[in-house]
Amino acid sequence: MKGRRMGEGMDDVKGKQLEELRCKMTQAAELYGMNHPIVLHYSQCIDQMHNKLLQSSHSSFFSNGKRVKATHLKTRQKHDILA
C-alpha cells in the first residue's frame, strides 16, 4: 500500500493523516480566521476520519454481530496484565 511502512497498521496511518489534517486546519485558521470555509472543510474531514477510526477500533468489541460482555473484557484485561 502506498505510503505505508513495514509493520505500520492502518490505524497508525489514519492517525498520521488525521494529524496532518489538524495541522492544515490550524494553519488555515491562523491565515483566514476560524469562520473561513476551508477551515470548516478541514474540520469536517477530521470529524469523518475520526469517526471511521473510532468505528474500526470499536469493531473488536463485537463478535458475530453481538456485543461482547464487559465482564469478559475485564477478565481478559486482568489476565493480560498478569501474563
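The values are calculated or read from the model by the stated rules, or taken from the named source; none is laboratory data. Because the structure is a prediction, the values reported are computed rather than measured. Virtual Cβ from ideal backbone geometry, glycine too; neighbours counted across all protein chains shown. Accessible surface is based on the protein model in full, side chains and every heavy atom, while ligands, DNA and RNA are left aside. Shrake-Rupley method; radii C 1.70, N 1.55, O 1.52, S 1.80 Å.
For this structure, a couple of remarks:
- FRET efficiency for the pair residue 12 and residue 47, taken as 1/(1 + (r/R0)^6) with r the Cβ-Cβ distance and R0 = 25 Å, rounds to 0.80.
- Sorting 24, 52, 14 on solvent-accessible area from highest to lowest, probe radius 1.4 Å, gives 52, 24, 14.
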